[in-house]
Structure formats: structure tokens, C-alpha cells
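Visitor: Can you keep this structure in mind? I'll have questions shortly.
The values are calculated or read from the model by the stated rules, or taken from the named source; none is laboratory data. All values derive from a computational prediction rather than experimental measurement. Here the Cβ is made from the backbone with ideal geometry for all residues, glycine too, and neighbour counts use every protein chain on show.
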Amino acid sequence: MTSSSLTLPARRATFFAARNAIVERYVPVATMVLALIAIWYVAAVAMNWALVRDAFEREETPYTVSDVLAGTMDAERPLLPAPHQVINAFVDGVFGYPPLAPRSLIYHSLVTLSATVLGFILGALFGIALALLIVHSRVLERSLLPWIICSQMVPVLALAPIFIVVLGAIGLQGLLPKSIISAYLCFFPIAIGMVKGFTSPDPLQIELMRTWSATSRQVLWKLRWPSAVPYLFASLKVAITISLVGAIVAELPTGGEAGIGARLLSGSYYGQTIQLWAALVAAAVLASALIGIVGLIERGVNSRMGAH
Amino acid sequence: MDPRKLRLGFLLATGAIALAFVLPIAPDALPLMARPYLKEIAGAAGLLFLLAAWFADNRATVVGLAGALLAATASLALLNDASVAGAAQAGFWMIVLASWLSVALSLVNLAALQKLRRRAQQAVNLAVPLLFGATAFYLWEVAVRGLGVPTVLLPPPSAAATRFFASLPTLAADFTQTFIRGVLIGYVIGCGAGLLVAILAHRYQFLARGLLPLGNFFSALPLVGVAPIMVMWFGFDWPSKAAVVVLVTFFPMLVNAIAGLSASGHIERDLMRSYAASPGQSLTKLYLPAALPFIFNALKINATLALIGAIVAEFFGTPTQGIGFRISTEAGRMAIDMVWAEIALAALAGMAFYGCVTLAERATTFWHPSYRT
């Protein structure tokens with residue numbers, strides 16, 4: 001037996017192992033996605049069946065089963081649009097109009113995105129500031145932390161319409177009220193995560209800093225802040241989707257001029273189901289993109305900080 | 001706290017009360033000196049602050065709080081005078097300042113207490129946030145009424161409370177519609193379905209590997225956006241709200257329960273196998289108990305999500321009751337005190353719900369390290 005014949009099977013084994021890992025990872029997900037799409041098509045046929053059949057009967061045209069079946073796939077106002085209709089409407093909304101036309105999904109997404117990002121930044125700054133205060137003051141930790149937790153028991157989104165009304169009454173309109181709602185929603189996970197992060201250093205490490213007679217500011221910048229970074233990004237990922245939800249819901253009571261929330265509202269008022277679903281897809285894409293961006297930044301920061 | 005700082009703070013509070021006697025309270029109002037009862041109350045508050053400054057130790061906490069209570073009473077009584085409300089001047093704000101300062105000092109003093117017996121420590125832990133909240137509400141009330149902020153913008157908490165107790169029947173109807181019918185039914189179905197699917201996924205690993213990434217993806221989506229679709233499918237009444245709640249609560253429960261069911265250790269599993277336990281037995285005796293902390297985590301997350309989902313779904317159409325319906329219509333009629341009463345109702349319901357879940361968690365996962373301190 002030569003050494004090559006000894007190593008060959010091993011290499012093939014790792015090759016197969018790698019392929020198996022891919023298979024094990026993606027096949028189940030792909031199966032589930034395909035199953036979901038299949039269920040969706042079946043449900044679309046089932047739910048739109050009566051609608052399409054009634055339409056045929058009203059027009060008193062003769063029809064066959066296959067006619068109805070075809071009808072359920074491209075009804076104009078279906079109860080449940082088929083997946084390809086939604087994708088078509090989404091692609092049409094994104095690419096079919098100039099980006100700033102009022103029918104373009106890009107325009108509406110940008111409106112929502114600006115409120116989301118501004119609210120996210122405000123909320124993140126506020127949350128980090130709160131966490132700093134809480135970590136440095138025992139009184140605030142005892143007195144403020146329970147109320148911060150209680151503030152999240154309030155269904156905050158219920159506040160959205162009043163915020164809009166109140167801020168509108170004192171002359172604030174447009175971007176800022178929506179962002180404030182987003183900020184109110186998303187500061188909480190950041191504050192809680194950062195309190196955990198700032199207190200995560202080992203007592204030994206803090207004592208070491210003390211033996212070097214480090215000031216509390218030095219302890220913050222050289223020890224607490226770096227060790228809070230993983231917590232920061234974990235909570236930022238949670239916060240950015242919450243911020244998006246806040247921006248969307250904040251658009252509901254404004255009566256719907258622009259934005260994904262306005263698109264949802266007008267879709268539901270005028271029975272434009274396909275438009276409604278396309279707006280939902282846009283929201284989903286936006287949410288995934290935002291999480292992806294935060295993840296990229298996290299990887300960049302981690303590699304700058306020397307993680308592998 | 002440093003006694004010298006404490007002494008200085010309480011002396012400042014005393015000085016503020018003294019200034020309140022000299023400075024005008026409002027343009028056309030009687031000065032504090034000319035008011036019977038109130039001048040005695042304010043004077044007593046000033047004396048108590050002086051006493052607290054004299055003590056400057058733990059006794060100062062009690063005396064300072066008593067003084068703050070008196071000063072707060074005096075300022076609230078002044079606000080009942082129509083000539084003060086909305087036109088308050090420096091003298092009035094001095095009383096508020098003294099009250100706030102002494103509460104803040106007492107709180108700092110109280111929170112710094114250490115090495116207490118367990119009961120006393122618990123009482124302090126409860127008292128500090130409660131006092132903080134009471135102060136916040138007091139400042140809100142005084143600021144809104146003293147500055148004369150229009151009720152349409154921000155009503156004083158007392159107005160919202162009055163409205164709350166005046167319209168209890170309406171609130172009860174809204175509560176039943178939104179909470180009992182929409183939230184609770186949807187919550188039970190959503191969490192139950194999530195748990196069932198997680199148990200299935202635990203039996204068939206293929207399902208778990210496929211569902212976990214999808215579950216993570218869906219629980220990050222703005223799912224409340226499906227509310228208008230559910231209203232279209234299930235009508236205006238509570239089933240559509242329950243459906244939104246089901247959808248919103250399903251994925252967090254799925255993801256958490258799948259993680260929890262695989263949380264038991266290898267040794268325990270081997271032990272179950274050596275006992276020749278059937279899959280059902282090891283599920284009920286090992287996997288589910290080990291998953292309880294994760295399940296309760298999901299139940300807690302879902303408690304807030306469910307309430308939000310139901311209220312948002314009501315913005316898209318309801319019969320003529322429900323918390324979300326009332327909030328949007330009353331906000332449109334500028335009856336902001338009713339809106340705040342509804343918010344208080346939602347907050348109370350949310351906190352009670354969360355509290356119940358936490359109590360159940362304590363009762364069932366008492367063995368978990370986080371409670372065995």
C-alpha cells in the first residue's frame with residue numbers, strides 16, 4: 001500500500017463530508033420553501049375559486065373547470081393572490097416606474113427607510129446613553145430600570161396615533177414624528193443589551209483596571225465598551241426590525257400619503273390585494289437588507305477588533 | 001451619600017421654600033403668605049427640610065420624604081386656584097423644585113442602603129421605583145397644569161385618571177373585545193401551534209433543519225403588516241385580530257421551543273434510554289421540562305407582541321369597540337384624555353399579562369439556576 005492510496009479515500013471522505021454538509025444545510029430549507037409555495041398555490045386556488053366562479057356566472061358565459069382554475073391564478077382582486085402575481089407586482093413596482101414616481105415601490109420604501117434609519121439612530125443613541133447612566137448610577141439602576149421594562153409592557157404602537165396627532169398639533173410633521181415612534185420602540189432592546197454588555201467584563205478585569213488606578217472614563221473606553229460590542233450588535237439587529245415595524249405602523253394614522261404603511265392602508269381600503277402583498281414583500285426585503293447591513297458592519301468591526 | 005452634599009441639598013430645598021414665600025406665585029394670585037392652611041403646610045415642609053439637613057443621615061430620608069409630600073400637596077392645592085393654573089410664576093416653581101429636590105435626595109439615600117435584612121431589602125427595592133414613578137407623574141401633572149399646556153396636546157394624568165374611572169363600562173367592553181377575545185384566544189392558539197410544530201420538528205430533524213432558518217427569517221419580518229389581509233379574510237370582528245396574534249406569536253415560540261427541546265444534556269438523554277423510556281415519556285419527563293425556560297422566554301416575548309398585534313389590527317377595521325378602535329376614533333375627535341385612559345388600560349392589561357406569565361414561570365421553573373440564588 002502506498003501513501004497515496006492511503007490518503008486518497010480520506011480526501012474523498014472530506015470532499016463528501018463537505019458536500020453532505022451543504023446538502024444537510026440547504027436541502028431541508030429548500031424543501032420547506034417549496035412546500036410553502038405549493039401550499040400557497042393550493043390555498044390561492046381554494047380561496048379564489050368561489051370568487052372566480054361567481055364572476056363567470058354573473059357574466060353568464062359558459063365555463064369549464066380549467067377556466068376557473070386559470071382564473072384563480074390571475075384574478076384582479078383575489079382573496080389570496082398567487083405567488084407569481086405578487087412577485088410580478090413587486091418587480092413591476094420596483095422596476096416598472098421611475099424611482100420617484102408615486103406608484104414606485106422604491107419611492108415608498110425610501111420614505112419608510114428614512115424614518116426607520118433616523119428613528120434607529122435616535123433610539124440607539126438614547127438606548128446607549130440610558131445604559132451608560134444606569135451602569136454608572138446605582139440610584140438610576142434601582143429606580144429607572146423597572147420603569148424602562150414597564151414602558152415596554154405598554155403596547156407602544158398604540159401610542160403612535162396620538163404621537164402623530166400631538167406632534168402634528170405643535171407643527172411637527174413628516175419624518176420626525178414617525179422616527180420618534182421608531183426610536184421609542186427600538187431603544188429598549190439596545191438599552192437592556194448594553195446594560196448587560198457594560199456589566200459583562202469579569203470582576204477580575206475591573207479590579208485590574210483599578211490597580212492601574214484607571215479613571216472611570218478609561219474603564220469605560222478600554223474595558224467596558226470593547227466588551228459590550230458583541231451585545232451591541234446583537235441588540236442592534238433586533239432593534240432595526242422593530243424600528244421598521246414602528247415606521248410602518250406610524251404611517252397608518254397619517255392618512256397614508258407615502259410609505260409602505262400607507263401602501264398597506266390604501267391597499268386594504270380599496271381591496272387592492274396584490275398591491276398589499278407587494279408592499280409586504282417590500283417590507284420583508286427591506287427588513288432582511290437592514291439586518292444584512294448591520295451584520296456586515298458587525299463583521300467589519302469584529303475583524304478590526306482582531307476577531308477571526 | 002456624602003452627608004455634606006446631602007446637607008447642602010436639603011438646605012437648598014429649604015431656601016426654595018423660603019423663596020416661595022417671597023416671590024410671586026402668579027400675576028393675579030394671592031401670595032403664599034396670605035393663604036390660610038397653605039402657608040402652614042408650606043412652612044412645615046420647609047421646617048422638615050431644615051430638620052433633614054440637620055440629620056443628614058438615614059433619618060433624613062424619612063423626614064425629607066414627609067417634607068416633599070407636604071410641599072407637593074401645597075403645590076397641587078395651589079393649582080386648584082384658577083388664577084394660578086396656567087400662569088404659574090417663580091414662587092410656585094420654587095415649591096415644585098423643593099419637592100423634587102428632596103425626593104431625589106431621599107431616593108439617592110434610599111438606594112444607597114446596603115446590608116439590609118432580606119425583607120427590608122425587598123421593601124426598598126419596591127419603594128425606590130414606585131417613588132420614582134410617583135415623582136414622574138407629579139412633575140407631569142404640575143408641569144402641564146402650571147404651564148397651561150392645552151389638554152389636546154397632553155392632558156394631566158389626573159384628567160386621564162378621572163376619565164378612566166368615569167368611563168369604566170366602555171373600557172370594560174373594549175377590554176373584553178380586544179384582550180379576552182382577540183389577544184387571549186390568538187395567544188393560546190399561536191403559542192400552542194408553535195409548541196406543537198416544535199415538538200414535531202424535534203422528532204423529525206429534517207423538519208427542524210428546514211424550519212429553523214425560516215422561523216428566524218419570519219420572526220424578523222414586520223408581521224403586523226399582514227393585519228389588513230387578515231381583516232379582509234376573517235372580517236371586522238375578533239377572529240381577524242386573533243389571526244394576527246396567532247401569526248405574530250407563532251414564530252418566536254417555534255424558534256425558542258426548538259432551541260429549548262434540544263437543551264437537555266447528553267447524560268440525561270442516555271439515562272432516559274437506559275430506562276427504556278418511550279418517546280412520549282422522555283418528551284414529558286425530560287425534553288419539555290428542560291425546554292421550559294426557553295418556552296417561558298417565548299411566552300414573555302409573545303405577551304407584548306400579542307397585545308401590539310391585536311391593537312394594530314384594529315386600526316384596519318373593527319366593530320364599534322376595542323382598544324385600538326377607541327384610540328383611533330377618540331384621537332380623531334381630539335378627546336385625548338380618553339385616549340390616555342385607553343393607553344393606561346392597555347398598559348395595565350399588558351403588565352398584568354406579563355406578570356401572570358412571570359408568576360407561572362417562577363412556579364414551574366423554580367429549579368432553574370437563575371432562581372436558585
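Visitor: Select from segment A:47-60 the residues that are within 14 Å of another protein chain (Cβ to nearest Cβ) and either part of a loop (DSSP other than H, G, I, E, B) or among the small types (Gly, Ala, Ser) (or both) and list them in ascending order.
Guide: Listed by number, the list holds a single entry, A:50.
Visitor: Quick one: which helices (runs of 4 or more DSSP H) sit completely within segment A:61-176 and have at least 2 residues that are out of contact with any Gly (no Cβ under 8 Å at 6 or more places or on another chain) and at pLDDT 75 or above?
Guide: A:65-73, A:83-95, A:105-136, A:138-153
Visitor: Filter segment B:36-63 down to residues that are more than 19 Å from residue B:94 (Cα to Cα), in a helix (DSSP H, G or I) and not hydrophobic (A, V, I, L, M, F, W, C), then give me how many there are.
Guide: Residues flagged as more than 19 Å from residue B:94 (Cα to Cα), in a helix (DSSP H, G or I) and not hydrophobic (A, V, I, L, M, F, W, C) within segment B:36-63 amount to 3.
Visitor: Only one of A:276, A:223 is assigned to a helix (DSSP H, G or I), free of Cβ contacts under 8 Å to residues at least 24 places away in the same chain, surrounded by 23 or more Cβ atoms within 10 Å (Cβ to Cβ) and not hydroxyl-bearing (Ser, Thr, Tyr). Can you tell me which?
Guide: Checking each option against the conditions leaves just A:276.
Visitor: Another question, if that's okay. Counting just the residues of segment B:187-215 that are under 28 Å from the mean Cα position of the chain (by Cα) and not aliphatic (A, V, I, L, M), which one comes out farthest from the other protein chains (Cβ to nearest Cβ)?
Guide: Per the criteria, the residue is B:192.
Visitor: Same structure, new question: If I filter segment A:284-305 for residues that are touching a residue at least 24 places away in the same chain (Cβ under 8 Å), more than 10 Å from chain B (Cβ to nearest Cβ) and not in a helix (DSSP H, G or I), do I get at least one hit?
Guide: Looking through segment A:284-305, at least one residue is touching a residue at least 24 places away in the same chain (Cβ under 8 Å), more than 10 Å from chain B (Cβ to nearest Cβ) and not in a helix (DSSP H, G or I).
Visitor: Give the residues of segment A:252-273 that are of a type outside the set (Asp, Glu), out of contact with any His (no Cβ under 9 Å at 6 or more places or on another chain) and not in a helix (DSSP H, G or I), sorted by residue number.
Guide: A:252, A:253, A:254, A:255, A:256, A:270, A:271, A:272
Visitor: Give me the residue from segment A:89-138 that is in contact (Cβ under 8 Å) with a residue 60 or more places away in the chain and among the polar types (S, T, N, Q) and, out of that set, farthest from residue A:258 (Cα to Cα).
Guide: A:116
Visitor: Let me ask you something else. Here's a check for you: in segment B:333-366, which residue that is closer than 14 Å to residue B:306 by Cα and out of contact with any Cys (no Cβ under 8 Å at 6 or more places or on another chain) is surrounded by the fewest Cβ atoms within 10 Å (Cβ to Cβ)?
Guide: That would be B:352.
Visitor: Follow-up. I'd like the full set of residues that are more than 14 Å from residue B:9 (Cβ to Cβ) and among the charged types (D, E, K, R), limited to segment B:46-87.
Guide: B:59, B:81
Visitor: Would you pick out the residues in segment B:306-327 that are at negative phi, surrounded by fewer than 21 Cβ atoms within 10 Å (Cβ to Cβ) and either within 10 Å of chain A (Cβ to nearest Cβ) or touching a residue at least 40 places away in the same chain (Cβ under 8 Å) (or both)?
Guide: B:319, B:321
Visitor: So which residues in segment B:97-135 are under 27 Å from residue B:23 (Cα atoms) and surrounded by 23 or more Cβ atoms within 10 Å (Cβ to Cβ), if there are any at all?
Guide: If the condition is that a residue be under 27 Å from residue B:23 (Cα atoms) and surrounded by 23 or more Cβ atoms within 10 Å (Cβ to Cβ), then B:98, B:99, B:102, B:103, B:105, B:106 are the ones that fit.
For (1) surrounded by fewer than 23 Cβ atoms within 10 Å (Cβ to Cβ); (2) among the charged types (D, E, K, R); (3) at pLDDT 90 or above, each residue gets a yes or a no:
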residue	(1), (2), (3)
B:216	yes, no, no
B:220	yes, no, no
B:229	no, no, no
B:234	yes, no, no
B:238	no, no, no
B:268	yes, yes, no
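Visitor: Just to verify a result, which residue in segment B:261-287, among those that are touching a residue at least 40 places away in the same chain (Cβ under 8 Å) and out of contact with any His (no Cβ under 6 Å at 6 or more places or on another chain), is farthest from residue B:186 (Cα to Cα)?
Guide: It comes out as B:279.
Visitor: So which of A:258, A:262 ends up being touching an Asp or Glu at 6+ places or on another chain (Cβ under 9 Å), surrounded by fewer than 18 Cβ atoms within 10 Å (Cβ to Cβ) and assigned by TED's automatic domain parsing to the domain that holds residue A:185?
Guide: That would be A:258, the only listed residue that is touching an Asp or Glu at 6+ places or on another chain (Cβ under 9 Å), surrounded by fewer than 18 Cβ atoms within 10 Å (Cβ to Cβ) and assigned by TED's automatic domain parsing to the domain that holds residue A:185.
Visitor: Cβ-Cβ below 7 Å, separation at least six or inter-chain, first residue in segment A:26-42 and within 8 Å of chain B (Cβ to nearest Cβ) and closer than 10 Å to residue B:214 by Cβ, second of a type in the set (Lys, Arg) and part of a helix (DSSP H, G or I): which pairs?
Guide: Hits for this filter: A:28/B:209.
Visitor: Considering A:125, A:69, A:113, which residue is surrounded by 15 or more Cβ atoms within 10 Å (Cβ to Cβ), at negative phi and not hydroxyl-bearing (Ser, Thr, Tyr)?
Guide: Result: A:113 is the single residue among A:125, A:69, A:113 that is surrounded by 15 or more Cβ atoms within 10 Å (Cβ to Cβ), at negative phi and not hydroxyl-bearing (Ser, Thr, Tyr).
Visitor: For segment B:9-20, which positions are hydrophobic (A, V, I, L, M, F, W, C) and in contact (Cβ under 8 Å) with a residue 40 or more places away in the chain?
Guide: If the condition is that a residue be hydrophobic (A, V, I, L, M, F, W, C) and in contact (Cβ under 8 Å) with a residue 40 or more places away in the chain, then B:10, B:11, B:12, B:13, B:16, B:17, B:19, B:20 are the ones that fit.
Visitor: Go through segment B:344-373 residue by residue and tally those that are at pLDDT 85 or above and among the β-branched types (Val, Ile, Thr).
Guide: Residues that pass the stated criteria total 3.
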